[in-house]
Amino acid sequence: MLRTFLPAELFVVVSVNTEAMAELNTEAKLKKQLKQEKIQLWNPPYTDDQDGEPGRQHMQELAERYAPLLGLPVEEVGGALEAIRVQAVKRGKGNKTFRESNVATLELLLPRDGKKDPKTKNHLETRLDVLVQEVVDRIGDEYGLKYIKLILNGKTLSVDQRLDEQGVKNHSKMMVLKVSDAEWKQQLSEEEEKKKNQDESVQRTQKGFQILSERDGSEDPDSTPFLEIADQRGNPLKIPHEEKKALILAMGFHEKGRSLMKKKQFDNALCHLLQADQQFSKCGSALLSSVDNYAVLQLDIVWCYRALEALSCLDDGKSRLQRAEDCFLQCYGEQQQRLLMIKGNTGREEVLFLRLYLLQSLLSYIEGNDAQARHQLSKVESLYSRLCLDSEKMAQLMTLGFTEREARLGLRACQGDLQEAAIHISNQRQEREELKQRERRKRSRRMEAISTLTELGFSRRDATRALHHADGDVDKAYGILLDSSQASLVTNNNTEGVSPDKVEQLLYLGFERAVSEAALRLTGGDVQSATQLLLDNQGVLSPELLSMSPPSTSSSSPSSEEPSTSSNSTADDELVNEVLEDISRHEEDYLDLTLEEESELIATMKTYLNRGPTHTV
C-alpha cells in the first residue's frame, strides 16, 4: 500500500563546491552593479574593438572601485570582472555568428570527471535544426564520454528529434549526464532489445510499477502483491484509473531515485527523478495539491543539481523550489492547519521546510542576493534550533524500549517534551497495530467472499475481479459474474457455429435468445439435447453449466492459455517484488533526519555570507 500524503525519505546531503558558489555569488553581484551603472564590458574602453583584448587600466580601476563595495580583495574582484567580460565578448560573438549563419552557441554543464578545466565554461557551436543524436555524438567524441543524456530545464532531450523542436535556443544551458551502457542501449533499441535488457535500472523500475499500476486487486490475494493508494489513516483513495497508473509510476520512480541518492549515484538518481516528474505531470492538479510527494520530488531534483555541481541550473531550480513551496502550502494549509488536523502535530514535517529554506538560501546566494539568502538562512537556523534534540532525552526514551527513530520523531512531534513524546510514541504504535488489524480483517473478509463465489462455480480470478468492482459486496459480485457469463456466451466466437435456424426453433418454444445460443453451444448444436437441457433447468443455465466447455473445444480456448499466463505471472511477480524493495517500510522514514549534514551546510553558508559587507550590491 502506498500512502500518498507523506512520502518516504527525502535525500542525502553531500559536500558542495563552495569555491564555485562564491564565484557565482561575486559575479552575480558585479553584474547587478554593472547593469545599474550601464557599463558594457564588451565595448571600449574595457574591451579592444580590434582583438577583443581587455583594456587593462580601465578594468583595474573598475576592480579597485568595486572591491570595497563587496568587501573582497581587488585581485578577486578583478578576476571575476574579467570572467564576466570574457563571457560577454563570447556571447556577443555567438549572437553575431547566429545572426549570420544560424550557428548557435550552447553552454554544456559537464559531469565533474568530464571537465577538462573545472574553472572553464564549456561551449558547443551547432545549428539548431540538427538531431540531438548528432550533438550527443560530438560531445562524446570531444570529451571522451561514451554514453550520455542531455537535459534542458529538467527535461531529457529525445535523440531522434531536432534541438529546436525541443526548445533549445542560442546560449541555452544543457546538462550532460552519463548513463550506463545498458541504459544507453535501451534508449536506442527496438522493443525486442528492450525486453532483452530488462535487468537494467530505469526499465525494470518502469515495468515493475507499470504492472502494479495495472493491477486492480483481482489477482490471487494470497500470492500476488498489488498497490492501493491510501491516505495516512489507511483509507483507500478513489482515483481515476489513468491518474492512479501515473501516480504509482511517479512514486515508483521517485522511490528508486531516492534509493540511488542514498548510494550517492546522483547521475542515475536524477534520471529516475525526472521520469517521476513526467509521470506526476499526468496527474490532475487537484490530486497534486492534496499530496506532498510532488513537492518533495521537486526538492530532490534540485538537490541532485546541487550534488552534481550543476549550480548554473538556477532558473529550473528556482521554479522547482517555488512549486514545492506552493504545493506544501496547498497540502498542509496556510498555517499547516490541515496537517495539524490529520496528524495532530506539525513538528516532524518541519525538516521538509528546513530543507526547502536551505536550498532557497543557497540559490539566493548564488544569484548574488545576500539579503534574501540571509533571510532564508535565519529561518533555517530557527527551525534547526527547534529540531535539534537533547541526547539525554533520546537515551531515556530508548531505555523505555523505543527505537532511535521513534524517539527522534516523537520528541520532534512534541517539541522536546519527554513525557508527551513517550505517550505519543505509544499511541502511534497502537494506531499502526489497529491499522494492521483492520487490513488483516479486510483481507480475511475478502478471502471468505472469494471462497463463496468459487463454490458457486466461478474461477478464483473472476471472483476476485468481480469483488473488486463490487467494493467487496458478494451479492453484487455474483450479479456481475452472472451477467458477464451470459454476455460472454452471446459474444463468444464459438456462437458463430450455431445455426440461426436452430436458434429460431428454440425461440419458437419460448426460450430467450442468449440461453438458447448457450444451450446449443453446450450441446454441439443438437436442438433436441439443447431443448431438454433448457427444460431440465427451467430455461435458466447455472454458472456451473455456463462454465462447462462445449464438446469440441478449439485450440484457442482460455484453458490453452493458462501455462503461458502462469509463466508471465511468475516473472511479473518477481519483478514487482524487486521494485517494491525500494519502497520504505516505515511511512515516516523520510522525516527521520539527524540534521548532521544540514548543520555542515548551514555553517558553510554562514561562512560565505560573512565574507563581505552585510548589504547587497
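Some notes on this structure:
- No other residue among T97, T120 is more than 26 Å from L359 (Cβ to Cβ), at pLDDT below 90, in contact with a strand residue (DSSP E or B) (Cβ under 6 Å, 6 or more places away or on another chain) and surrounded by fewer than 17 Cβ atoms within 10 Å (Cβ to Cβ) apart from T97.
- Entirely in the range 532-611, the helices (runs of 4 or more DSSP H) that have 3 or more residues that are surrounded by 13 or more Cβ atoms within 10 Å (Cβ to Cβ), out of contact with any His (no Cβ under 8 Å at 6 or more places or on another chain) and at pLDDT 65 or above: 558-580, 596-609
- Counted residues, the range 477-531 - those being of a type in the set (D, E), assigned to a helix (DSSP H, G or I) and either at pLDDT 70 or above or closer than 30 Å to E448 by Cα (or both): 4
- Looking only at the range 275-307, and only at residues there that are outside any helix (DSSP H, G or I) and in contact with a Leu (Cβ under 7 Å, 6 or more places away or on another chain), the one that is nearest to K256 (Cα to Cα): D292
- Qualifying residue in the range 113-123 (condition: more than 27 Å from the chain's Cα centre (by Cα) and part of a strand (DSSP E or B)): yes
- Residue selected from the range 1-47 under the condition among the hydroxyl-bearing types (S, T, Y) and under 24 Å from S364 (Cβ atoms), by the criterion modelled with the lowest pLDDT: S15
- Test: R461 is at pLDDT below 80, in a helix (DSSP H, G or I) and either within 36 Å of the chain's Cα centre (by Cα) or assigned by TED's automatic domain parsing to the domain that holds V540 (or both): yes
- Taking residues in the range 268-296 that are farther than 21 Å from Q360 by Cβ and in contact (Cβ under 8 Å) with a residue 60 or more places away in the chain, and partners anywhere that are aliphatic (A, V, I, L, M) and part of a loop (DSSP other than H, G, I, E, B), the pairs with Cβ atoms closer than 8 Å and at least 6 places apart or on different chains are N268/V179; C271/V179.
- Any helices (runs of 4 or more DSSP H) falling wholly within the range 339-428 and containing at least 3 residues that are without any contact (Cβ under 8 Å) to a residue 40 or more places away in the chain and buried (at least 20 other Cβ atoms within 10 Å of the Cβ): 350-366, 404-413
The values are calculated or read from the model by the stated rules, or taken from the named source; none is laboratory data. Given the structure is predicted, the values throughout are model-derived calculations rather than measurements. Glycine also receives a Cβ, built like all others from the backbone with ideal geometry; neighbour counts cover every protein chain displayed.
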